[in-house]
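The values are calculated or read from the model by the stated rules, or taken from the named source; none is laboratory data. In this text the structure is predicted, and so the values were computed from the model without any measurement. All Cβ positions, glycine included, derive from the backbone under ideal geometry; neighbour counts span all protein chains shown.
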Amino acid sequence: MRDSHDWAVLPGDNLPATLQTAPMENYRRPLFLYPESLCGANLRYCLLTLLHQEGKPRKIAELRAALEQLGLTVGGADPNKVISDVLRYELRLGRVARTGRGQYESRYRPNTTVRRHRARLQALVAKARLNAKSAGGFSS
């Protein structure tokens, strides 16, 4: 007899109706797009895309200005510190290289990754513009 704490599903077990789900062939996790305060993966993808597009080293202030020009803002009390923390994290992963104090450049990334990150940035910019238009500002 199986213990009630044994959560493994064995062949032949009948699953409760709440656990029986549709096949996940066409399932896609929804994107959480919050352009009014970028953080986490969204911020990392945006910064990596901006660094890759320029093709040369950029300073943290330049990256922040580029994000603000796109209508995106960085979450946190000190946005420059948040950007610096994100870029240091990416440095440890080998996705960026530090070329000077507060200055980073993009390293090699596969084309599929670049396209996925660029698509996320474009979706965030589109949502920011939509939010701004509904609020009555940012015309473009």
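Of note:
- Check on Leu72, touching a Leu at 6+ places or on another chain (Cβ under 7 Å) and assigned to a loop (DSSP other than H, G, I, E, B): yes
- Residue within segment 47-56 that is at pLDDT below 90, under 22 Å from Gly102 (Cβ atoms) and surrounded by 12 or more Cβ atoms within 10 Å (Cβ to Cβ) present: yes
- Residue in segment 14-32 that is surrounded by 10 or more Cβ atoms within 10 Å (Cβ to Cβ) and modelled with pLDDT under 50 present: no
- Screening Arg98, Arg115 for residues that are free of Cβ contacts under 8 Å to residues at least 40 places away in the same chain, of a type in the set (D, E, K, R) and touching a strand residue (DSSP E or B) at 6+ places or on another chain (Cβ under 7 Å) leaves exactly one candidate, Arg98.
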